[in-house]
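Data block below; observations after.
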Amino acid sequence: MTLRLHDTKRGRKVPFEPLYDNKVTMYLCGPTVYNYAHIGNARPAVVFDLLVRLLRRDYELTFARNITDIDDKINAASVETGKPIDEITSRFIDAYNEDMSALGVLPPDIEPRATQHIAEMIAMIETLIANGNAYEAESHVLFDVSSHDDYGALSKRNLREMIAGSRVEVAPYKKAAHDFVLWKPSTPELPGWDSPWGRGRPGWHIECSAMAKKHLGKTIDIHAGGQDLVFPHHENELAQSRCAHDGTEFARYWLHNGFLSMDHEKMSKSLGNVVLVRDLIKTIPGEVVRLALLSAHYRQPLDWSDATIESARRKLDRLYGAVRGVDLPADLRAAAEPPAALLAALEDDLNTPKALAELFGLARDLNKTSDADERRRMTASMLAAGSVMGLLQTDPEDWFAGHAEGKLAGDEIDALLAKRKAARKSRDFNAADAIRDQLADAGISIEDSPEGTTWRRSD
RNA sequence: GGCUAGGUGGCAGAGUGGUUAUGCAGCGGCCUGCAAAGCCGUCAACGCCGGUUCGAUUCCGACCCUAGCCUCCA
């Protein structure tokens, strides 16, 4: 395949070539588990899940998505609720995985947790001190940014400008404003680990460097995350890892997804517009959320609103409508390939809107033809495409029946449709239309065709 | 203030130096007992001002506007 990816560091799309022939390593910055995942957290999980699915077609992929389970926000939640840290984190790890699963996100090969890699972090910090890249001050260990020439190369900023624009108070123990914490002391109430610098806990950035090294090696192929992580998180990871590994390249391709807004406003707790995935999927199929997240290119901003959801739902109705009622043998389905144009779109830096356009084109062709073999072939192709994108994996009948219980049960609907059929046969259209109205009131719309009548939930 | 990305038809959203994106909505038609779904046709766009060019929405420059980052943040 000819995959092209937009690399943040080079600032442009470049052909993807793994370090080793057919083996690819990929690391995605996962959640900090102090709360349920919101829709903004879901975007990187979904878009990079698509990349994972694409890569697995041609490469032997090792994919790690970490869990940050030690952090000040987690500590704050612990103090607030009076519950121990691991009770909080294990609960939200489970919730995160359930929620992502509902969005069709496949589990990563490795899900490393920060608290299980303290020794690796300490070892890396010791190396950084020994190499002259870090220093100890007042029980803290800080990374000396001035020791790394290339600092700022990823986020395209230079230290002088950053200091000029800085509005941050500089901690007194720092040599320079942008030196960042590798290790910091803990108070007796807070979680801590023994270290050469006393009882303490790791800074935020070091965990990803240590875990990437342990599970994927010194140089990884793809490092991904949200755009907001470019600085400082990824810039700092990059500096640490290279300095700890004698300048060895850390990540060969840096991928960052764009931000999500809520009704054109920034999502924030203070505005009260944070939407949890957990709440969303109570009323909306996870697949609708997934398609909504894939309906804009991953590097573009995406606005989340009721219209976004409704649009995704209608798109799925159209796609499922096309494959509905096609009797597809399992072997034909298993052997099918996605259309080449669709793959080409995805391989062009995950151009999901283009890929979806191809899918709709196929749906139109499918709706047009009445040849049974053609219909089976096209349906198989659509489902294969859906499989790469993590869509269309539900039985169409189940899709249109809806997940939530409506006002009418399935057998009641069938009974009404039978009555209507009889009425139509005796050309009593008033009675037939009354039944149709009754169904419409219950949120059921019906579709007559030469083969019979089908129905769908439309509310 | 600095850095980065972007401003496309009613809405969402790709793309391109000259030719239909796509979805929803609208309009006309076909199909239907009437609808719905589907199909056909159709309307409609490239922030502003210059420049390069035979030709720019697409390249270059200025300007205006928007978002993100510069502090925890997907």
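For this structure, a couple of remarks:
- Within segment A:96-112, one or more residues are within 17 Å of the chain's Cα centre (by Cα) and β-branched (V, I, T).
- Number of positions in segment A:190-231 that are in contact with a helix residue (DSSP H, G or I) (Cβ under 8 Å, 6 or more places away or on another chain), in a strand (DSSP E or B) and within 15 Å of RNA strand B (Cβ to nearest atom): 6
- Filter result (exposed (fewer than 14 other Cβ atoms within 10 Å of the Cβ) and within 11 Å of RNA strand B (Cβ to nearest atom)) within segment A:410-430: A:K425, A:R427, A:D428, A:F429, A:N430
- Matching entry among A:L319, A:L356, A:L342 (being under 25 Å from A:L55 (Cβ atoms), crowded, with 18+ Cβ neighbours inside 10 Å and near RNA strand B (Cβ under 8 Å from one of its atoms)): A:L356
- Tally, over segment A:1-43, of residues that are part of a loop (DSSP other than H, G, I, E, B) and free of Cβ contacts under 8 Å to residues at least 24 places away in the same chain: 3
- Annotation: of all residues in segment A:206-245 being without any contact (Cβ under 8 Å) to a residue 40 or more places away in the chain and over 23 Å from the mean Cα position of the chain (by Cα), the one that is most open to solvent (accessible area, probe 1.4 Å) is A:K218.
- Selected residue (criterion: most open to solvent (accessible area, probe 1.4 Å)) from residues of segment A:323-334 that are within 15 Å of RNA strand B (Cβ to nearest atom) and out of contact with any Lys or Arg (no Cβ under 8 Å at 6 or more places or on another chain): A:G325
- Answer residue from segment A:73-82, given it is open to solvent by 70 Å² or more (accessible area, probe 1.4 Å) and touching a residue at least 40 places away in the same chain (Cβ under 8 Å) and is nearest to RNA strand B (Cβ to nearest atom) among those: A:K73
- Against the criterion of being open to solvent by less than 30 Å² (accessible area, probe 1.4 Å), at pLDDT below 95, under 26 Å from the mean Cα position of the chain (by Cα) and closer than 30 Å to A:Y320 by Cβ, A:L260 qualifies.
- Scope segment A:295-309; condition in contact with a helix residue (DSSP H, G or I) (Cβ under 9 Å, 6 or more places away or on another chain) and more than 7 Å from RNA strand B (Cβ to nearest atom); matching residues: A:Y298, A:W304, A:I309
- The one condition in (1) within 17 Å of A:A357 (Cβ to Cβ); (2) open to solvent by less than 30 Å² (accessible area, probe 1.4 Å); (3) not polar (S, T, N, Q) that A:R314 fails to fulfil: (2)
- Some residue of segment A:83-97 being surrounded by 15 or more Cβ atoms within 10 Å (Cβ to Cβ) and either modelled with pLDDT under 90 or part of a loop (DSSP other than H, G, I, E, B) (or both): no
- Qualifying helices (runs of 4 or more DSSP H) (wholly inside segment A:282-354; at least 1 residues being closer than 19 Å to A:F400 by Cβ): A:286-294, A:306-323
- Test: residue in segment A:50-64 that is crowded, with 22+ Cβ neighbours inside 10 Å and either among the charged types (D, E, K, R) or within 12 Å of RNA strand B (Cβ to nearest atom) (or both): no
- Qualifying positions in segment A:277-294 - open to solvent by less than 40 Å² (accessible area, probe 1.4 Å) and either over 16 Å from A:L260 (Cβ atoms) or near RNA strand B (Cβ under 9 Å from one of its atoms) (or both): A:P285, A:G286, A:E287, A:A292
- Sub-8 Å Cβ pairs linking a first residue in segment A:311-340 that is touching a residue at least 40 places away in the same chain (Cβ under 8 Å) to a second residue that is in a loop (DSSP other than H, G, I, E, B) and within 13 Å of RNA strand B (Cβ to nearest atom), at least 6 apart or interchain, are A:K315/A:S295; A:G325/A:E451, ordered by first then second residue.
The values are calculated or read from the model by the stated rules, or taken from the named source; none is laboratory data. For clarity, every value in this text was computed on a predicted model and none was experimentally measured. Neighbour counts run over all protein chains shown; Cβ positions are idealised from the backbone, glycine included. Please note that ligands, DNA and RNA were not included when accessible areas were found on the heavy atoms of the full protein model with its side chains. Shrake-Rupley method; radii C 1.70, N 1.55, O 1.52, S 1.80 Å.
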